[in-house]
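Read the structure below first, then the notes.
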Amino acid sequence: MTLAYVALGSNLGDPRQQLLDAMEALANLPDTRLLQRSRLYRTLPWGVLEQPPFINAAVELDTVLSPHALLNALLAIEQHAGRVRGERNGPRTLDLDLLHVDGVQLDDPQLTLPHPRMAERAFVLLPLHDIAPTLRLSGQTTVAELLARLDLAGCERVA
């Protein structure tokens with residue numbers, strides 16, 4: 001079994017329920033256990049600013065799925081939730097990002113691990129901090145250290 005961390009986000013429909021449903025779907029993946037889930041956070045949009053705020057969370061999974069198999073499962077969960085890939089950084093019913101898989105560094109056309117932009121995004125690091133503050137990303141910097149460098153304006157805990 002391997003630890004994997006997934007970020008969840010939604011700002012269309014019922015975002016809170018979308019995340020709760022996605023967490024349940026993640027917990028039901030084959031050969032996978034959901035170990036921890038973060039609190040829910042309301043955050044301002046990133047990139048395209050003219051859209052509703054997001055609800056964000058993170059989960060820790062223990063899985064035997066390969067990173068690519070896990071990515072495919074995340075994409076299937078998004079599709080089941082009605083995700084339509086349109087404008088980059090635009091509104092979405094559900095966004096699931098594979099952030100980190102213990103012991104894996106990967107850079108191919110389908111997947112880059114650790115996630116290349118998570119260190120810049122409070123909406124990712126804040127929920128990840130709830131479940132893995134001492135997780136070392138790229139072998140050196142912890143989630144807590146990265147989060148301390150970011151502006152948390154526009155982020156608030158909702159549950």
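Scan the stretch 26-44 for residues that are open to solvent by 20 Å² or more (accessible area, probe 1.4 Å) and touching a residue at least 12 places away in the same chain (Cβ under 8 Å) and jot them down.
Hits for the stretch 26-44 are Leu29, Pro30, Asp31, Arg33, Leu34, Leu35, Gln36, Arg37, Arg39, Arg42, Leu44.
I'm checking my understanding of the structure. Among residues of the stretch 107-130 that are touching a strand residue (DSSP E or B) at 6+ places or on another chain (Cβ under 9 Å) and open to solvent by 50 Å² or more (accessible area, probe 1.4 Å), which one is nearest to Leu26 (Cα to Cα)?
So the residue we want is His129.
For the stretch 128-143, name all the residues that are of a type in the set (Gly, Ala, Ser) and under 16 Å from the mean Cα position of the chain (by Cα). Spell out the reasoning first.
Just the residues of the stretch 128-143 that are of a type in the set (Gly, Ala, Ser), to begin with: 132, 138-139.
Once the filter is applied, which keeps residues that are of a type in the set (Gly, Ala, Ser) and under 16 Å from the mean Cα position of the chain (by Cα), the stretch 128-143 yields only Ala132.
What pairs can you find where one residue is in the stretch 146-159 and at positive phi, the other is assigned to a loop (DSSP other than H, G, I, E, B), and their Cβ atoms are less than 7 Å apart, with a gap of 6+ or different chains?
Gly154/Leu44
Quick one: count up the residues across the stretch 131-142 that are under 24 Å from Gly47 (Cβ atoms) and surrounded by 15 or more Cβ atoms within 10 Å (Cβ to Cβ).
1
Is it the case, given these coordinates, that Leu71 is out of contact with any Lys or Arg (no Cβ under 9 Å at 6 or more places or on another chain) and assigned to a loop (DSSP other than H, G, I, E, B)?
In short, no.
Between a residue in the stretch 69-86 that is more than 13 Å from Asp21 (Cα to Cα) and any residue that is open to solvent by 70 Å² or more (accessible area, probe 1.4 Å) and not in a helix (DSSP H, G or I), which pairs come within a Cβ distance under 7 Å, given they are 6 or more apart or on different chains?
If the second residue must be open to solvent by 70 Å² or more (accessible area, probe 1.4 Å) and not in a helix (DSSP H, G or I), the pairs left are Leu71/Gln110.
Determine whether the stretch 53-62 contains at least one residue that is aliphatic (A, V, I, L, M) and open to solvent by 30 Å² or more (accessible area, probe 1.4 Å).
No, because not a single residue in the stretch 53-62 is aliphatic (A, V, I, L, M) and open to solvent by 30 Å² or more (accessible area, probe 1.4 Å).
Just to be sure I understand, how many residues within the stretch 6-25 are farther than 11 Å from Arg37 by Cα and open to solvent by 30 Å² or more (accessible area, probe 1.4 Å)?
8
Just give me the residues in the stretch 50-64 being closer than 11 Å to Leu19 by Cα and not aromatic (Phe, Trp, Tyr), in sequence order.
Ile55, Asn56, Ala57, Ala58, Val59
The values are calculated or read from the model by the stated rules, or taken from the named source; none is laboratory data. Since the structure is predicted, the reported quantities are computational estimates derived from the model, not experimental observations. Quick reminder, even Gly has a Cβ in these numbers, built from the backbone with ideal geometry, and neighbours come from all protein chains shown. Accessible surface areas use protein heavy atoms only, side chains included; no ligands, DNA or RNA. Shrake-Rupley method; radii C 1.70, N 1.55, O 1.52, S 1.80 Å.
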